[in-house]
Structure formats: structure tokens, C-alpha cells
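The structure appears right after this line, and notes come after that.
The values are calculated or read from the model by the stated rules, or taken from the named source; none is laboratory data. Note that the coordinates shown come from a computational prediction; the quantities given were computed from them, not determined experimentally. Positions of Cβ are backbone-derived with ideal geometry, glycine not excepted, and every protein chain shown enters the neighbour counts. SASA here: full protein model, heavy atoms, side chains in, ligands and nucleic acids out. Shrake-Rupley method; radii C 1.70, N 1.55, O 1.52, S 1.80 Å.
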Amino acid sequence: MTCATASATTMLVPDFPYSYDRWLSHPAGLGSLPAAMHGTEVAVIGGGMSGLTAAYELLRLGLSPVLYEAEQLGGRMRSIPFPGNPEYKAEMGAMRFPVSARSLFHYIDLLGVSTRPFPNPLAPATASTLIDLNGGQDRARTAGELPGVYQEVADAWDKALQERADLGTLRDAIQRRDVTTLKTVWNALVKEFDDQSFYGFLATSSTFQSFRHREIFGQVGFGTGGWDTDFPNSVLEILRVVV
């Protein structure tokens, strides 16, 4: 996997968009401290990604971070080999990252860590995808190989996002780093959907009037699988994921 284009905004949610990648890569660094403070010890609690990053940046500022970790460094970023088959590894929770996380890729590039595309369902890096639904099975390499009802569900989701969440405008604003437009659209969505559930959003969308479509969407979902367990959650949380 490669980092996003230079025009992409580094963000995971639209609430507080900020070009962290430009700040992190600025020649002046993150800031400066008086020389008298150089060498001062600073406690960093936790040796996960956040703690290690904080310690690294504190060192660059001239301080002396002292890292406290109860178990192993790396936190959820660690990969653990299976005892009987060390060639196979289990990820402890962090195995896939969106290209929009450009702050993370800033440090990944500093470390020289290689990445590769994640095999999401029907993605180019996925050999095949099996959908097992209500006793029926469909296997495919691309979305076009699936029964037409799945494309109907995908189209209904895309149209709902465009018509009710103005996704096209959001994406364009993100790509252009147009924070003013992004916040104008997002703030309006927050006001409109603040008390709307995910299922409520679907059920009141003109494109999702078919219960069968909502059922398939809940069990098969988009991207990584079904989302029916998230139906009671705020639709704003889902929109943050989509964005």
C-alpha cells in the first residue's frame, strides 16, 4: 500500500480536520524549548504507538523521555507468532490502516516499514470472496460476479450517502483540503442526524425502502462485513467511518 496523493487530507474524522502531515514534516519541527530544559526527564506512560511516537518527538525536542510499559512494547501494533506455527502470525488489533492516516504513514516511512494492500472483500488483493447468507453461498472475485441483488444494495447505499450525506461534496473538500466547505457540510449533518440511528437513516432513505435490501446490507454490509450490530448506533459514527 502506498500513501495517498499529496493533495489528500490526513484525517480519520471530519470533526477536526487538520493537516497533521504538513505539520509533522515541517523543517522547523514540532517546536523548540529553551536550552536550559534540554535533558529534562519526561514520563511517558505506555509503550504503544502513541507512547513511542511521543517519546520520539520528545527526544527530538531535546528532552529525555522515560517510557513506562507494563508488558511489551508495541501495544496493539504487535504481531505475535503462533507457538506451533511461527511462520503464521496473529495481529493484536492493528492490521489495516486507511491511506488517509498520513500522520501514521509519516512514522511508518521514517522506520522504513513496508506495507501492502489489505485483502478486503472483493478487493484486488483478495483471491476470492465467499458470501454465505441464509444457507446460500456465492463466491466471487469482483462485485460484478455476484447476483444482481448485491449490486442493488450497493447502489442503494451509495445513493443514500450522496442524497442524504452529500458525500460527493465532502470527498471533494477533503481532497482539496477545503476545511471551510468540509466543516460547513459536516456541521449541518451533525445537526440533522445527531439523534438518528444507523438503521433509522437507512429505513428513512428513499433508496432503502426494501426490507430485503436492508437485511442484506446488515448481514453482508460494505467493505469488511455486515453492520447489523451497529444499526442501533448513531449514524454519525458510521458517516465518520465512511469519510
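General remarks:
- For the peptides 120-126, 161-167, residues were scored by their other Cβ atoms within 10 Å and the scores averaged per peptide; the highest-first order is 161-167, 120-126.
- Partner lysines for Lys191 [C-alpha distance under 27 Å; skip if fewer than 8 residues away on the same chain]: Lys159, Lys183
- Shown for the stretch 177-243 is the translational diffusion coefficient from the Stokes-Einstein equation, using the Kirkwood radius over Cα pairs, a temperature of 20 °C and a viscosity of 1.002 mPa s: 167 µm²/s.
- With N counted as the residues of the chain, its alpha-carbon radius of gyration over 2.2 N^0.38 Å works out to 1.23.
- When the solvent-accessible area of the stretch 1-134 is split by element, carbon and sulfur atoms take up 61 percent of it, the probe being 1.4 Å.
- Carbon plus sulfur fraction of accessible area for the stretch 139-243, probe 1.4 Å, in percent: 49 percent
- Summarising the label geometry, the points placed 7 Å from Cα in the beta-carbon direction at Thr180 and Gln72 lie 5.1 nm from one another.
- Cα centroid of the stretch 102-146 to Cα centroid of the stretch 23-68, whole Å: 36 Å
- Estimated 222 nm signal from helices in the chain, with DSSP H stretches of n ≥ 4 weighted -39500 (n - 2.57), rounded to 500: -11500 deg cm²/dmol
- One chain, two ends: Thr204 and Thr126. Fully extended at 0.36 nm per residue, the span grows by 24.7 nm beyond their Cα-Cα distance.
- Probe 1.4 Å, accessible area per residue of the chain, Å²: 60 Å²
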